[in-house]
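Colleague: Questions regarding the structure given below will be posed in turn.
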Amino acid sequence: MKRLVSTALVLGLAAAVLPAFAQGPITWEHNLEAAKARAKKEHKQIFMDIYTDWCGWCTKMRKDTFPTPEAQAALRNFVPLSVCTQLKDGTPTENKPLEKQFGVTGFPSLYILDENGKTVRSLASYLPPKEFTQFLDGTLDTSKMD
């Protein structure tokens, strides 16, 4: 009986996770103009991650949140865009002007943009997978966040 329950759980998990992987890996853009062009072509909003190489929470999000099956599945509804604005030593990259353009107040800075690059919603915070998917779908309650 334990084996039957275990097998059922494994099959259920596989059924939930495999569809996201069956579609292949998420293709991230690294340039806002390219993301806008793709968003217009695919009729999708843009998810933009603005990060720095010196930001520990940014690294954690890219390592522990974005690769999860639930995040990958949710990101399929967007054109994902990831832009680094500063190197480890603080040297600005070519994307540094995006900090001013979007009013970045902290890192990581997460944005949902329309296909023209206008901000729909934003948040400067690390998010674990569940909260990240809620941010993407617009159901995250940010009123209780610091």
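Only the coordinates and a few stated rules stand behind these numbers; no lab work does. Bear in mind the structure is a predicted one, so any value in this text is a computation, not a measurement. Cβ coordinates were reconstructed from backbone atoms using ideal geometry, including for glycine residues, and neighbour counts include every protein chain displayed.
Colleague: Counting only residues 5 or more places away or on other chains, whose amide H sits under 5 Å from the amide H of Arg121 once H atoms are built in the peptide plane?
Modeller: Answer set, sorted by chain and number: Ile112.
Colleague: Just flag the GluC sites (Glu not before Pro) in the stretch 46-146 sitting in loop per DSSP whose Cβ has no more than 13 other Cβ atoms within 10 Å.
Modeller: Glu94
Colleague: Any chance you could tell me what percent of the C-alpha pair distances in the stretch 22-140 go past 18 Å?
Modeller: I get 47 percent for the Cα pairs in the stretch 22-140 exceeding 18 Å.
Colleague: Would you work out the charge dipole size for the stretch 22-140 about its Cα centre, treating the Cβ of every Lys and Arg as +1 and the Cβ of every Asp and Glu as -1, and quote it to the nearest 20 debye?
Modeller: Magnitude of the dipole: close to 120 debye.
Colleague: Another question about this same structure. Tell me, what is the percent relative contact order of the stretch 22-140, built from C-alpha pairs under 8 Å that lie six or more residues apart?
Modeller: The normalised contact order for the stretch 22-140 reaches 34 percent.
Colleague: So, one more: Under a point spin-label approximation (7 Å from Cα along Cα-to-Cβ), what is the Trp57-Thr27 distance to one decimal in nm?
Modeller: It is 3.2 nm.
Colleague: Excluding Trp54 itself, calculate the net charge of residues whose Cβ lies under 12 Å from the Cβ of Trp54, where each Lys or Arg counts +1 and each Asp or Glu counts -1.
Modeller: Around Trp54, the charge tally is -1.
Colleague: Could you give the length gained by full extension between Asp141 and Asp114, i.e. 0.36 nm per residue of separation minus their alpha carbon distance, to one decimal place?
Modeller: Full-extension gain reported as 7.6 nm.
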